[in-house]
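First the structure, in the form of structure tokens, and then the observations on it.
The values are calculated or read from the model by the stated rules, or taken from the named source; none is laboratory data. Everything numeric in this text was worked out from a predicted model, so none of it was measured. Please note: Cβ atoms are built from the backbone with ideal geometry, for glycine as well, and neighbour counts cover all protein chains shown.
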Amino acid sequence: MANRKESGEIGHDIKLVPHDLHTELEILQTYDEETRKERAIRLQFILKYDIKSGGLFISALAYFYYNEAKLCYVNGSFVGCTLLCQMAMDQLLRSYYRYIGTIDDKKLAGLGFFELLGVARKDRIVSKAEYDLMHKIRLLRKGYVHPKTIDVTMKFSKTSYENETFNLHRVEVEDDARNAWKCLMTILKGTERTEMKK
């Protein structure tokens, strides 16, 4: 097969190099075998806190983010899990406000998650405990989306990947994802019990 070219998203040509599918399948098989045990352990954690099938009454987008967060955590994409947990909460609130119609779409679209949380707390849509949990996830996510401290940036620096601190940072990042998942499950179980006020 000859090399092909396709246009990239920003207009640059991307050279597509043909790969041997057999080699790629071997790489995936090796990865699968090497990571199966750790993924099984992470799946146990997810299932411990997850909601039973059929128990969620949330928007399609919030449900999509919730499922993606699960996949990210099980497969070791911890930052992705943390971000998606916050995105699921954001959509949970937005879809609720769309449903009750007390905030017009344009204003709702302009609210950041922090502002949206404040409105939901003021409107008593979320309890103080739920607000605190959502705020906790917001702060976890913020550290990755807007890294300003040396602490956060060191987790992902070239140096940390080249020395023994990488494993320590990986544990911290996984802890963030675990905390984000537990917060999200607590919130979703709350909506399952109360179905949020109508």
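Scan 27, 41 and give me the residue that is under 23 Å from residue 177 (Cα atoms), of a type in the set (A, V, I, L, M, F, W, C) and surrounded by fewer than 17 Cβ atoms within 10 Å (Cβ to Cβ). Walk me through how you get there before you give the answer.
Details: 27 fails: under 23 Å from residue 177 (Cα atoms).
Of the residues listed, the single one that is under 23 Å from residue 177 (Cα atoms), of a type in the set (A, V, I, L, M, F, W, C) and surrounded by fewer than 17 Cβ atoms within 10 Å (Cβ to Cβ) is 41.
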**Item:** Checklist (1) in a helix (DSSP H, G or I); (2) surrounded by 15 or more Cβ atoms within 10 Å (Cβ to Cβ) applied to residue 125, failing item
**Value:** (1)
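Quick one: which of 114, 78 is out of contact with any strand residue (DSSP E or B) (no Cβ under 8 Å at 6 or more places or on another chain), surrounded by 17 or more Cβ atoms within 10 Å (Cβ to Cβ) and not polar (S, T, N, Q)? Working first, answer last.
Working: 114 fails: surrounded by 17 or more Cβ atoms within 10 Å (Cβ to Cβ).
Matching residue, one of 114, 78: 78.
Which residues, taken from segment 50-75, are basic (Lys, Arg) and either modelled with pLDDT of 90 or more or buried (at least 22 other Cβ atoms within 10 Å of the Cβ) (or both)? If you could, list the steps in order and put the result at the bottom.
Step one: of segment 50-75, the residues basic (Lys, Arg) are 52, 70.
70 - this is the single residue of segment 50-75 that is basic (Lys, Arg) and either modelled with pLDDT of 90 or more or buried (at least 22 other Cβ atoms within 10 Å of the Cβ) (or both).
Might you let me know whether segment 90-110 holds any residue that is among the polar types (S, T, N, Q) and closer than 30 Å to residue 171 by Cβ?
Yes; the residues of segment 90-110 include at least one that is among the polar types (S, T, N, Q) and closer than 30 Å to residue 171 by Cβ.
Can we say residue 66 is of a type outside the set (A, V, I, L, M, F, W, C) and in contact with a Ser or Thr (Cβ under 9 Å, 6 or more places away or on another chain)?
Values: of a type outside the set (A, V, I, L, M, F, W, C): yes; in contact with a Ser or Thr (Cβ under 9 Å, 6 or more places away or on another chain): no.
Criteria not met by residue 66.
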**Fill in**
Pairs returned, first residue in segment 70-89 that is of a type in the set (Lys, Arg), second residue that is buried (at least 20 other Cβ atoms within 10 Å of the Cβ), beta-carbon separation under 9 angstrom, 6 or more apart or interchain, are 70/81; 70/84; 70/181
**Prompt:** Which condition number does residue 83 fail, the rest of (1) at pLDDT below 90; (2) more than 16 Å from residue 186 (Cα to Cα) being met?
**Reply:** (1)
